[in-house]
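S.K.: Quick one: this structure, given as structure tokens, is what I'll be asking you about.
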Amino acid sequence: MNRKNRDLLIAALETPPDEGGYVKYRGSLVIEGHNGDSDRFCCLGVACDIFDLWETDGYSQGGFLSPKQLKQIGMTKSEQQKLMDVNDEHFTFGPVIDLLKTMKVTT
């Protein structure tokens, strides 16, 4: 994954919700909050939000980013799958952050 984008994603995931960060979700990129609740995001939904990928063609096919979106942030399909799997197996972003920190990065 692209180093700069990886570091931005880690920073976003590390920020607590009460300090402007994201509320964790599993199984979908984002779910809209109701009755004053915050929107909830999976790690890939956070990537869509911080890199402004919501208007890109083909997003959210089963919770996956499109090939165009992956290219924009420098992520491979394999990396996306690993992140999605870890995200959906855990209730916090901690394990996702740990995985991101171990991923091979490009410049």
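S.K.: State whether one or more residues within the stretch 11-22 are surrounded by 20 or more Cβ atoms within 10 Å (Cβ to Cβ) and under 13 Å from N87 (Cα atoms).
M.R.: Yes, the conditions are met somewhere in the stretch 11-22.
S.K.: Kindly evaluate V96 against the criterion of being at pLDDT 95 or above, touching a His at 6+ places or on another chain (Cβ under 8 Å) and of a type outside the set (S, T, N, Q).
M.R.: yes
S.K.: Let me ask something additional. What pairs can you find where one residue is in the stretch 1-23 and within 17 Å of T102 (Cβ to Cβ), the other is of a type in the set (A, V, I, L, M, F, W, C) and in a loop (DSSP other than H, G, I, E, B), and their Cβ atoms are less than 6 Å apart, with a gap of 6+ or different chains?
M.R.: Taking only residues 6 or more apart or on different chains, the pairs are M1/M75; M1/M103; M1/V105; R3/V105; R6/V105; L13/F93.
S.K.: Ok, one more. State whether one or more residues within the stretch 66-79 are among the acidic types (D, E) and surrounded by fewer than 15 Cβ atoms within 10 Å (Cβ to Cβ).
M.R.: The first filter runs over the stretch 66-79 and keeps only residues among the acidic types (D, E), leaving 79.
Within this subset, residues satisfying the condition of being surrounded by fewer than 15 Cβ atoms within 10 Å (Cβ to Cβ) are none.
No, the conditions are met nowhere in the stretch 66-79.
S.K.: Sticking with this structure for a sec: One residue is enough: does the stretch 99-106 have a residue meeting the conditions in contact (Cβ under 8 Å) with a residue 12 or more places away in the chain, in contact with a Ser or Thr (Cβ under 8 Å, 6 or more places away or on another chain) and of a type in the set (K, R)?
M.R.: Scanning the stretch 99-106, I find no residue that is in contact (Cβ under 8 Å) with a residue 12 or more places away in the chain, in contact with a Ser or Thr (Cβ under 8 Å, 6 or more places away or on another chain) and of a type in the set (K, R), so the answer is no.
S.K.: Restricting the stretch 28-63 to residues that are buried (at least 16 other Cβ atoms within 10 Å of the Cβ) and small (G, A, S), which is modelled with the lowest pLDDT?
M.R.: S60
The values are calculated or read from the model by the stated rules, or taken from the named source; none is laboratory data. Here the structure is a predicted model, which is why all the values come from computation and not from measurement. Using ideal geometry, Cβ is built from the backbone for each residue, glycine included, and neighbour counts are taken over all protein chains shown.
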